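The structure under discussion appears below in the form of C-alpha cells.
The values are calculated or read from the model by the stated rules, or taken from the named source; none is laboratory data. This is a predicted model, so every value here is computed, not measured. Using ideal geometry, Cβ is built from the backbone for each residue, glycine included, and neighbour counts are taken over all protein chains shown. Just so you know, the surface numbers come from the protein's heavy atoms only, side chains and all, with ligands and any DNA or RNA stripped out. Shrake-Rupley method; radii C 1.70, N 1.55, O 1.52, S 1.80 Å.
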Amino acid sequence: LDVAAACRFTDVGAIEQFRTGAHVFGNFKPCGLGDVRDDVVSAVDVQGLADGSFASNTFLLQSLREDEHSDALHALTVADAGRGWMTEPKAAEDIDLASSRAVPRFAVVQGEKPDGSPKIRAVDNMSWSAPADGCDMRMRRHKKEVKEASLNGRHTCVHERVKHDHLDSLMLCVCSFIELMCVVPWLLKADVASAFRRIPIVPSERWASAVAYMWKGKAYISTHNSCMFGATSSVTSWERVGRFIRSVARRVLNLALCQYVDDFFAVEDPVCVEHAMSC
C-alpha cells in the first residue's frame, strides 16, 4: 500500500485481492481500466446457480467426452493442485454434486514443444450452462442463450471496457526516445507467467469455480482456488494488478513501460536495457 501511495495508484482493491481474494461473479465497478460502459445492467444474483448445482452437474457429467489429450489435461490439473491453485481432482462419484457448480474443462493445443510433442493448455468454459428447464441431452440451445445463463453471462457484469497499450503506443515511445536521447533504442519485453493463477479467489465464492473432465473413462471434478483462464472476472482482476505493475514501473522505476494483458514492453538505451529488464 505504501508503494501504491508512492506512485499515486488509487485502486488499492487491486492489491487487496492478494489478501482477501478476487470475486468470480457480481458487479465489477469502474476502477480505471478504460471507458465506462453505459450499455450494461447489474449482475443477477447467483442464488439460482447455487440452488441448481445438482441438476446442472448431473447434466454436465452426462455430456462429458474424453479425447486424446485427456492424460495431459489430468496432469495439468494435478500440477495446478500441487501449486495450491486448485483442489486435488476427485472422481465425481465421490463428490456431493450439490456442493458446487462445475463447468467443462477441456484441452487446447497451443503449438509444439521443443521435442515435437503438442503444447497443451487447459481452458475452463465459464460460459457454459445447463438447461434451466431440465436435463434433456437432446436439447439444443443457441450459444447466446447458453452464455447468458452462465457465470460469464448475466451473473457477471463489467462496467468498463478494458484499454491496452498497443504497437502505436510503442512507436510513440520510440519516436520520443530518439528525440530526447539522440540514440536508437533497444526493445525489452517481459511477461508474467500464469498471471491469472497468481490471484486467489474469495473462499466464499469458490463453489462457483468447479470444473469437470473425463480421464480414463471416469469423470473428475476439481475446484479453482485462484483465478482461472476462461472467466470474465479473471480478466478484470488481473488487469487491475497489471495496471499496478505498470504504474510502479513508470512512476517509481522511471521506465517507459507499456502493458498488453500480461505482457510488458518498453524502449530503453542500449547501455542500460539489461538493467531496465531486471527492474
Apply the Karplus parameterisation 6.51 cos²θ - 1.76 cosθ + 1.60, with θ equal to phi minus 60°, to every residue of the stretch 37-51 and state each ³J(HN,Hα) to the nearest whole Hz, in sequence, with x for glycine and proline. 8, 10, 10, 10, 10, 5, 5, 7, 4, 8, 4, x, 5, 5, 5
For the stretch 205-279, what are the per-bin percents of Cα-Cα distances with bins 10 Å wide, up to the bin holding the maximum? 16, 32, 21, 18, 11, 2
Return the subset of Lys113/Lys143; Lys90/Lys163; Lys29/Lys144 for which the Cα-Cα distance in this structure is over 30 Å, preserving the input order. Lys113/Lys143; Lys90/Lys163
Under a straight-distance cross-link criterion of Cα-Cα below 18 Å, which lysines are reachable from Lys147, leaving out those fewer than 8 residues away in the same chain? none
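Give me the compactness ratio for the chain, meaning the Cα radius of gyration over 2.2 N^0.38 Å.
Ratio of Cα Rg to 2.2 N^0.38 Å: 1.15.
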Label-zone membership for the stretch 226-249, site Ala5, 7 angstrom Cα→C-beta point, backbone N under 19 Å: 244-245, 247-249
What does the helix-only formula give at 222 nm for the chain: each DSSP H stretch with n ≥ 4 adding -39500 (n - 2.57), the total divided by the residues, and the result rounded to the nearest 500 deg cm²/dmol? -9500 deg cm²/dmol
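When only C-alpha pairs under 8 Å and at least 6 residues apart count, what is the relative contact order of the stretch 129-279, in percent?
This gives 29 percent for the stretch 129-279.
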Could you order the peptides 39-46, 66-73 from most to least packed, using the average number of other C-beta atoms within 10 Å per residue? 66-73, 39-46
Where a label projected 7 Å from the Cα of Ser194 along Cα→Cβ would reach, residues of the stretch 229-245 with amide N under 17 Å: 229-230, 238
Separation between the Val109 and Ser204 pseudo-spin-labels, each 7 Å from Cα along Cα→Cβ, expressed in nm? 4.5
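Taking a probe of 1.4 Å, how large is the accessible area per residue of the chain, in Å²?
54
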Diffing the stretch 179-189: the Karplus 3J(HN,Hα) column from phi (6.51, -1.76, 1.60, θ = phi - 60°), in whole Hz with x for Gly and Pro, holds 5, 7, 9, 6, 8, 6, x, 9, 10, 10, 8
Which three lengths, in whole Å and largest first, does the stretch 34-177 cover when its Cα atoms are put on their principal axes? 61, 49, 31
Over what distance in Å are the Cα centres of the stretch 22-100 and the stretch 209-258 separated? 14
